[in-house]
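Here the structure is laid out as structure tokens; the discussion comes afterwards.
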Amino acid sequence: MLDGLGALAGGRARLWRWDGRALRVAAGRDPGSAPAVPAAAGPVPTPWGTVWLEPVNEVEGFWLELGGLPEAELPAAAARVLPLVGALLGAERQRAFLAEELTSRYEEIDLLYAISEILGQTVRLDEATQTIAREVSTVVGARRASIMVFDEGAGVLRTVAARVYREQRVLAFDPTQPDVAPSDCGEVRGYKGQAFLSVPICYGAPGSPLRCIGVINLTDRLGGDRFTLTDRKLVTAVANQIGAAVENARLVERDLAQQRLRQELQLAHDLQLKLLPSPSVLLGDAEVAARCYPADSVGGDFYTFSRLGRGRVGVMLGDVASHGFSAALVMALVMSAAGTHAAASVTPDETLSALLDSLGTELTSTEMYFSVFYGVLDPLTGRLSYANAGHPYAFRVPRFGDPERLEATAPPLGLATAGSIQRRQIPWSIDHDLLVLWTDGLVEARNAAGEPFGEQRLLATVCAQRTEAPEAIVRAVLEEAEAFGAQPTDDRTLLIMRI
């Protein structure tokens, strides 16, 4: 290149570079010694003759030498060649800069790709962020790094990954603030160095504004320089990926927790239904069919029946106020105590009184109550003896005629007082009469038009099927409720018995 420029000038050309102490040959043949640096452009005597030395203004530190011409022609020749040399050196420097920039961009792209791979392959956030903290600090040249994530439950920032930091930090944090200032993060309070970079980790679901969910801190840059705008842009891109990963990890954790909860609820549902006795308990003494459907996984409806000797059968059905877990716990207590009191008592009112005595403290402390019907059918005397603590859905359905409501003899347990529970007796036609008990969730369920299924519709279906087996009658009632389009919002229980 210089030979061509020298020929263009009519002489020879050489390029020198100032290294701070002397000129060094940058392009052209090395003459073996360097000329002295002049104070300004001009002729300089050298062992190989007088030459023209002039600085290349476009590129600092470079000098152009022209020789092989008469001294009077040298300034004009330099004026012709110097702009071309400056342009060529500028282009070369720009090419070197772009090559360095491409190398830097390649490292950044490679980092972003590596982080995408890490986040795509790792479900546990603590494992992924530890690797990310190491990789990011390496690329931007930071000795120390930490990643902190907002703990929504505790309302604090927690360190989930750190490089060089020796302890985990827990810091108060307000995610509603739009900016995260380094001094607010606590990691750098008292930090005396110059190189510090703190970038918020933000995430916003589609259609929602961005919210800050954490922060990346980088300190102690290698070489002591400050972090550049390019470093901030790179770390911001990483922070955006981490933000999405944090939300994904939380969704995965929440989904796993919901799966465990569903499994536990299903187990609770199955265990509660197992507390209810099978109709086979009364096989040979009575025909009975029953269904219990909690509105939630567990509920407060219950029923039980037992043999009392000499063909007598005891049957109990109740409804704890409300539904869900609190009602289910009371229901379990009632079921636990009911069998014991039924076997130990002589009459239904004694059974319910004993039940009230044993559960009174729990009912008072929880401010709960339940309605309950308990009856004893005696085939030898042909009578039903019962006590009804505020349960309105108890009926005798005879072979012919209208259903007879078995009226309440006391308030619901939890509202009733000691000694207030009374007993009644009515005649019972063995093999003909039906005992029909249900809870309010069955008749209060409404269809799309808002109309309740209702007591009359249920009793009409029972009466139409009264000669059938109890199992067939229960099935007919539930099919009628489903055809009606009833949408239950409370526990539903139905029990039909013939003795």
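The values are calculated or read from the model by the stated rules, or taken from the named source; none is laboratory data. Just so it is clear, the model here is predicted, and its values are computed rather than measured. No Cβ is skipped: glycine too gets one built from the backbone with ideal geometry, and neighbour counts run over all protein chains shown.
Below, the figures for the structure above:
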read-out: Top-ranked residue of the range 427-438 - restricted to ones that are surrounded by 20 or more Cβ atoms within 10 Å (Cβ to Cβ) and assigned to a loop (DSSP other than H, G, I, E, B), ranked as nearest to the chain's Cα centre (by Cα); value: Asp433
read-out: Some residue of the range 253-270 being basic (Lys, Arg) and either assigned to a loop (DSSP other than H, G, I, E, B) or surrounded by 12 or more Cβ atoms within 10 Å (Cβ to Cβ) (or both); value: no
read-out: Which listed residue, of Gly441, Gly375, is in contact with a Lys or Arg (Cβ under 7 Å, 6 or more places away or on another chain) and surrounded by 22 or more Cβ atoms within 10 Å (Cβ to Cβ); value: Gly441
read-out: Pair list, Cβ < 7 Å and 6+ apart or interchain, from the range 197-211 residues that are surrounded by 13 or more Cβ atoms within 10 Å (Cβ to Cβ) and at pLDDT below 85 to residues that are aliphatic (A, V, I, L, M) and not in a loop (DSSP other than H, G, I, E, B); value: Tyr203/Ile213; Tyr203/Ala244; Tyr203/Val246
read-out: Of all residues making up the range 466-499, the number that are farther than 22 Å from Ser280 by Cβ and in contact (Cβ under 8 Å) with a residue 12 or more places away in the chain; value: 13
read-out: Residue list for the range 305-326, restricted to those being surrounded by fewer than 24 Cβ atoms within 10 Å (Cβ to Cβ) and among the aliphatic types (A, V, I, L, M); value: Leu308, Val313, Ala321
read-out: Residue check for Pro277: over 28 Å from Val346 (Cβ atoms) and at pLDDT 90 or above; value: no
read-out: Filter pass, Ala418 being in contact with a Gly (Cβ under 9 Å, 6 or more places away or on another chain) and either farther than 28 Å from Thr364 by Cβ or crowded, with 21+ Cβ neighbours inside 10 Å (or both); value: no
read-out: The range 357-380 - residue that is part of a loop (DSSP other than H, G, I, E, B) and of a type in the set (A, V, I, L, M, F, W, C) and, of those, modelled with the highest pLDDT; value: Leu380
read-out: The range 215-228: number of residues that are at pLDDT 85 or above and not in a loop (DSSP other than H, G, I, E, B); value: 6
read-out: Residue in the range 345-352 that is over 22 Å from Ala408 (Cβ atoms), assigned to a helix (DSSP H, G or I), in the same structural domain as Val313 (by TED's automatic domain parsing) and touching a residue at least 24 places away in the same chain (Cβ under 8 Å) present; value: no
read-out: Condition met for Asp231 (of a type in the set (Asp, Glu) and touching a helix residue (DSSP H, G or I) at 6+ places or on another chain (Cβ under 9 Å)); value: yes
read-out: For Phe453: the one exception among (1) crowded, with 21+ Cβ neighbours inside 10 Å; (2) touching a strand residue (DSSP E or B) at 6+ places or on another chain (Cβ under 7 Å); value: (2)
read-out: Lone qualifier among Ala486, Ala416, Ala448, Ala460 - being in the same structural domain as Glu362 (by TED's automatic domain parsing) and at pLDDT 95 or above; value: Ala460
read-out: Lone unmet requirement of (1) surrounded by fewer than 18 Cβ atoms within 10 Å (Cβ to Cβ); (2) assigned to a loop (DSSP other than H, G, I, E, B) for Pro35; value: (1)
read-out: Residues (farther than 30 Å from Gln263 by Cα and not in a loop (DSSP other than H, G, I, E, B)) located in the range 279-304; value: Leu282, Glu287, Val288
